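See structure below.
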Amino acid sequence: MAAVERGGELVIDRGEGVYVWDEAGRRYLDATAGLWYCNVGYGREEIAAAAHVQLRRLSAYSTFGDLSNRPAIELCDRVSALAPVFPQIDEIFTIFPYCLSIMQGTTAWMQCRVPLR
């Protein structure tokens, strides 16, 4: 943060893997993963390709109330399978995605296991 104190601003220009570069070309280890949302690293071609396909089909849509979309449903099913609560009560809980938009980031992209009652 000394660079911020000296120059008043640290402007990140690009990322690759676990590193980011500022506009002056200096490389930094992104130890916070873009403040906890980019733990898969930067510049992942397979993620960019998947995002490109989905963005051309449906960039985002609300999952509020009775609305949903296939990618949100599939993601919730995957998260539910990875993080079961307790088998005997699992059927009364659900995954409730409230922000799955690529454009909105993932700082608060879902609440897991919200009771249906």
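The values are calculated or read from the model by the stated rules, or taken from the named source; none is laboratory data. Only a predicted model underlies this, so the values are computations on that prediction, with no experimental measurement involved. Note: ideal-geometry Cβ built from the backbone for every residue, glycine included; neighbour counts use all protein chains shown.
Look at the range 71-86: where a residue is modelled with pLDDT of 75 or more and a partner is assigned to a loop (DSSP other than H, G, I, E, B) and among the aliphatic types (A, V, I, L, M), sitting 6+ places away or on another chain with Cβ atoms under 8 Å, you get PRO71/LEU58; PRO71/LEU100; ALA72/LEU100; LEU75/LEU100. Taken as a whole, the range 4-20 holds no residue that is of a type in the set (Phe, Trp, Tyr), at negative phi and either out of contact with any strand residue (DSSP E or B) (no Cβ under 6 Å at 6 or more places or on another chain) or at pLDDT below 85 (or both).
Scanning the range 15-36 for residues that are surrounded by 13 or more Cβ atoms within 10 Å (Cβ to Cβ) and either basic (Lys, Arg) or part of a loop (DSSP other than H, G, I, E, B) (or both) returns VAL18, ASP30.
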